[in-house]
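To start, the structure itself, in structure tokens.
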Amino acid sequence: MRMLLITAVLVMAAAGGVPIATAATPDPVVGTWKLDAAKSTFTAGAAIKSQTRTYSQAGKTITVVIKSVSADGKKSTTHTTYHFNGKDYPVTGNPAVDTRSYKKVGDSTLMTVNKKGGKVVISARSVVSADGKTRTVHLTITDSAGKKVTGTAVYDKQ
């Protein structure tokens, strides 16, 4: 019986019914993450009241949908689809950012650069914990007056 099952899986794989070792390894960021506002800090006060980030992966392509409520109560939903190659990808739904780039610097560490009109407005270094349950993002934000604000956003995997 076991041999029959193995044979069936191999036949289906050969016919294209079951992908075997062809998909990219899931990135540790894939899944849904919720901001832990109590553990997050910003030098100029809270920039975000709440946020949920949902990352999905298809092959080597990652898509993120970010639902946020800012400190002043404004809601937004941002979308980006990207690869880990350092190139700029369009961002929709965020008037402060029009492109974002992603670059892996380790198995669980990611560098992100957000731009508006070609100028860097947010740079971030995010690390997923060894147990995969926490994601910590260290941010440097340049406001419209050119002032730099730093912060640390902590997310829990849902």
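What to note about this one:
- For the peptides 103-111, 59-67, the ranking by mean Cβ contacts within 10 Å, running from highest to lowest, is 59-67, 103-111.
- With the charge dipole of the range 23-157 set up from +1 on Lys and Arg Cβ and -1 on Asp and Glu Cβ about the Cα centre, the Cα lying farthest toward the positive end among the listed residues Ile141, Ser68, Tyr55 is that of Ile141.
- The simple spin-label model puts a point 7 Å past each Cα toward its Cβ; for Lys133 and Asp88 those points are separated by 4.0 nm.
- The share of Cα pairs per 5 Å bin across the range 23-157, counted from zero up to the longest distance, runs 2, 10, 19, 27, 23, 13, 5, 1, 0 percent.
- Our coupling estimate for the range 58-68, obtained by passing each phi through the Karplus curve with A = 6.51, B = -1.76, C = 1.60 and θ = phi - 60°, is 10, x, 9, 9, 10, 10, 10, 10, 10, 9, 10 Hz, Gly and Pro reported as x.
- The modelled label-to-label distance between Thr41 and Ser108, using points 7 Å beyond Cα along the C-beta direction, is 2.2 nm.
- Difference of contour (0.36 nm per residue) and Cα-Cα distance, Ala96 to Gln57: 11.5 nm
- Förster radius 30 Å - calculated FRET efficiency between Thr81 and Val154, Cβ distance, rounded to 0.05: 0.75
- Rounded to the nearest 20, the size of the Cβ-charge dipole of the range 23-157 about its Cα centre is 180 debye, with Lys and Arg at +1 and Asp and Glu at -1.
- Whole-Hz Karplus values for the range 118-135 come out as x, 9, 5, 10, 9, 10, 9, 10, 10, 10, 8, 4, 4, 7, x, 9, 10, 10 Hz, taken residue by residue from phi with 6.51 cos²θ - 1.76 cosθ + 1.60 and θ = phi - 60°; glycine and proline positions read x.
Where a number appears in this text, it was derived from the coordinates with a stated rule and is not lab data. Please read all numbers here as calculations on a predicted model, not as lab measurements. Cβ coordinates were reconstructed from backbone atoms using ideal geometry, including for glycine residues, and neighbour counts include every protein chain displayed.
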